[in-house]
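Shown next, in structure tokens, is the structure this report addresses.
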Amino acid sequence: MTRAGLLGFPNVGKTTLFNALTGLEAFTAPHPYTTAEPNVGTVKVPDSRLERLADLENSRRVTHAGLELVDLPAVRSGSIRGLGAGREPDVLLAVVRAHDSGAVPVDEHGTDPVGQAEDLLVEVAMSDFEMFERRKERLRKEAAADPSLRPAAGAIARATERLGEGTPLRQPTWSDIELRAFRDMAPLSLLPCAWVVNVSEDDGGSDMLVGQVREAVPPTDQVLAVSALIEEEVAGLEASQRAEVYEGLGLGEGAPARVVRTVYDALGLVTFYTVNRRDARAWKVPAGTGAREAAGRIHSDMERGFIRAEVATISEVIACGGWASARSGGAVRVEGRDYEVRDGDVMMVRFSV
């Protein structure tokens, strides 16, 4: 399961957002460093199309795509290296605060989301810089005696220079050789990143704030605005009530779906579906994944003995009234092993082992 690490300065609403997304009740308090140990929970991705597909096929079980969320302790200046679990996520979910509140004090980073984003970028880059600086010196000496180490030494030196300028490693384009040289150090600044601007309940300027943060962070980073407080309150309601509240407040499908989709975009993931009487399931794979490799996500035997994939879009299957009708109606096509799976595909894999 994809793992996202929630990162942010004290009192930005990070744990409130964690509770809103997971439905859990991790402890929060109006003072800094409430989260001493990482909180871990799962976000189930809402997917009305998957539910409809399951109904049409009378599937006994519905398995949504998911996201494991790790709420990391608040960032202190120079503290990121000590976060431990912060080295494990597949993606960072950085939270910045864009509103004042009498109930929650403001720390030294204030309520300017752009300033917080810039400071957080520097903190992450500097945490990697210290590690790379040590590796650079050691490799430089080793490469003097072993020429085969010179490409790695050069890559580490270039990465160290960028980090020293406060530039995240995900921002420049690196060759495969360069990436291999420093990926074993699991640098945080190399991870894809999505930003959540935590706005007030009645903030009408969220689009402007999102635009400002987007200009301050690397161009590949994703940015969205969420009111963590509203979402935490709504999270405790029944599904039908949540939908009514979201519609009444003009929040669309709500933060869980929006945040997860933003994380997927940051990672370059697409969702495909499988369906039968036992299970209707959503799967996620990197964009550009071939049909044979995607089949391997379902089961290794399917990849090993792949013959072909029958494919239709989930919209087509629903419009036809189910998979059998989609096939008889000509909506299902046959694709080979190198077909690149697209977001929204429904796949039926034919294989032999």
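Output the residues belonging to region 1-18 that are small (Gly, Ala, Ser) and modelled with pLDDT under 90. Of everything in region 1-18, just one residue is small (Gly, Ala, Ser) and modelled with pLDDT under 90, namely Gly13.
A count restricted to region 314-342 and to residues that are closer than 21 Å to Gly288 by Cα and touching a helix residue (DSSP H, G or I) at 6+ places or on another chain (Cβ under 9 Å) stands at 10. Residues of region 251-289 being of a type in the set (Gly, Ala, Ser), modelled with pLDDT of 95 or more and in contact with a helix residue (DSSP H, G or I) (Cβ under 6 Å, 6 or more places away or on another chain), which ones? Hits for region 251-289 are Ala280, Ala282. In the set (1) of a type in the set (A, V, I, L, M, F, W, C); (2) open to solvent by less than 60 Å² (accessible area, probe 1.4 Å); (3) farther than 30 Å from Asn19 by Cα, the condition left unmet by Val259 is number (3). A residue that is in contact with an Asp or Glu (Cβ under 9 Å, 6 or more places away or on another chain), open to solvent by less than 30 Å² (accessible area, probe 1.4 Å), among the β-branched types (Val, Ile, Thr) and farther than 14 Å from Val275 by Cα can be found somewhere in region 339-353.
Just the residues that are surrounded by 16 or more Cβ atoms within 10 Å (Cβ to Cβ) and of a type in the set (Lys, Arg), please, taken from region 159-196. Arg162, Arg170, listed by residue number. Exactly one residue out of Arg158, Arg170 is closer than 30 Å to Ala255 by Cα and of a type in the set (D, E, K, R), and it is Arg170. Across region 112-129, the qualifying residues are those that are surrounded by fewer than 19 Cβ atoms within 10 Å (Cβ to Cβ) and touching a helix residue (DSSP H, G or I) at 6+ places or on another chain (Cβ under 7 Å), and the one among them that is farthest from Phe182 (Cα to Cα) is Val114. When Arg337 is tested against (1) in contact (Cβ under 8 Å) with a residue 40 or more places away in the chain; (2) in a strand (DSSP E or B); (3) in contact with a Lys or Arg (Cβ under 9 Å, 6 or more places away or on another chain), only condition (2) is not met. For the residues Val223, Val217, Val199, the requirement of being within 25 Å of Thr15 (Cα to Cα), in contact with a Ser or Thr (Cβ under 6 Å, 6 or more places away or on another chain) and crowded, with 18+ Cβ neighbours inside 10 Å singles out Val199.
The values are calculated or read from the model by the stated rules, or taken from the named source; none is laboratory data. Everything quoted here is computed from the prediction, not taken from an experiment. Every residue, glycine as well, gets a Cβ built from its backbone with ideal geometry; the counts of neighbours run over all protein chains shown. Quick note on the areas: whole protein, heavy atoms, side chains included, nothing else; ligands and nucleic acids left out. Shrake-Rupley method; radii C 1.70, N 1.55, O 1.52, S 1.80 Å.
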